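Everything below concerns the one structure shown next.
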């Protein structure tokens, strides 16, 4: 017996306010005759090719989610009918079908592909005056009636996509450290990699600072518009990379979102694989390890290397490394966690996937290069994710350095990475409420 575990999806015709309509009621679907027509002949009896625009709205319910806002659809089609210049057209929906297919990212529905099919009857008519003699009435009555000129039937269809994840803009500021430099401004930016500047903090943007490839806890720096100030005792060595990642999330069904990130920092002693709140280095923060139910997603960095999801587990107050080898003593372990909420304070869930490979000395990477012990999904379609980040040898890469399409990562740099350097392409999908 076959088994289908796709979520229940229901599609219904609606108005612009999301109220359910009967598709067979007049006016539920709007028909607009477009001005341009092409006549096959100038003979009075000839058919006319009519162009009509059909428009309406649908709402989609996906199991486990709120009903979607109204999604507009529009169809432009042509059909032949005898329609003199002084005639009118009317339309009647004979059949309306709306079917939906989910597109999954992991176990979550990222998009719903909605197919809309219509069968329509069209009539052309003139208004005509008719005199009738009512029974037992001495005077005739003048009635205005429809005089049918012609009838036609036609079918049309269209599709719309309901996107169930937040769009996001990933940008980054790139600079190189000078000797003893702790203060960085827009003037220090390496503009060949972009001209983002240092963005001011905002509710819909999260920022992460990497110095020489190491993610920095919030307590080690201050950031405001156009300025970054390192609060550490020591400045980065000359030539070290200073990179700020900014991710700005789009609206959730037209409403604003609130985004934040924080870090739990500890240090390996060379023997432990399980870490608790009591192991936190409180000089970098003191919030402990949050419950997975309280955050959208985690990133784990061990000695500056972003870890695959298979390498760790998180529960409230507990971080467990699942690797065979343990980090050497003294290595920093940084657990970064992101919290994205809708305007009503509801937490938005996420799916995260990392494609991991080792540099082959070339600039092209495919699904065949993936390290299977960390995942076998290959390089997914970036159009199904909110954003992606590429790390090469632990350094976050500016977007001009690469391009991604399903199954293919292309580096746009003049030089290829050294053979054996880790290549990690992270995909993050934040789902709407």
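Just so you know, all these numbers are worked out from the coordinates, no wet-lab data involved. All of these numbers come straight from a predicted model, not from anything done at the bench.
Values for this structure:
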quantity: Quarter of Cα convex hull surface for the stretch 9-163, i.e. mean projection, nm²; calculated: 13.0 nm²
quantity: Semi-axis lengths, Å, the chain, gyration tensor of Cα atoms, sqrt of 5 times eigenvalues; calculated: 61, 23, 21
quantity: The chain - percent relative contact order, Cα under 8 Å, separation 6 or more; calculated: 11 percent
quantity: Kirkwood Rh (inverse of mean 1/r, distinct Cα pairs), the stretch 349-433, angstrom; calculated: 13.0 Å
quantity: Gaussian network model of the chain, Cα within-10 Å springs - most flexible of 149, 98, 35; calculated: 35
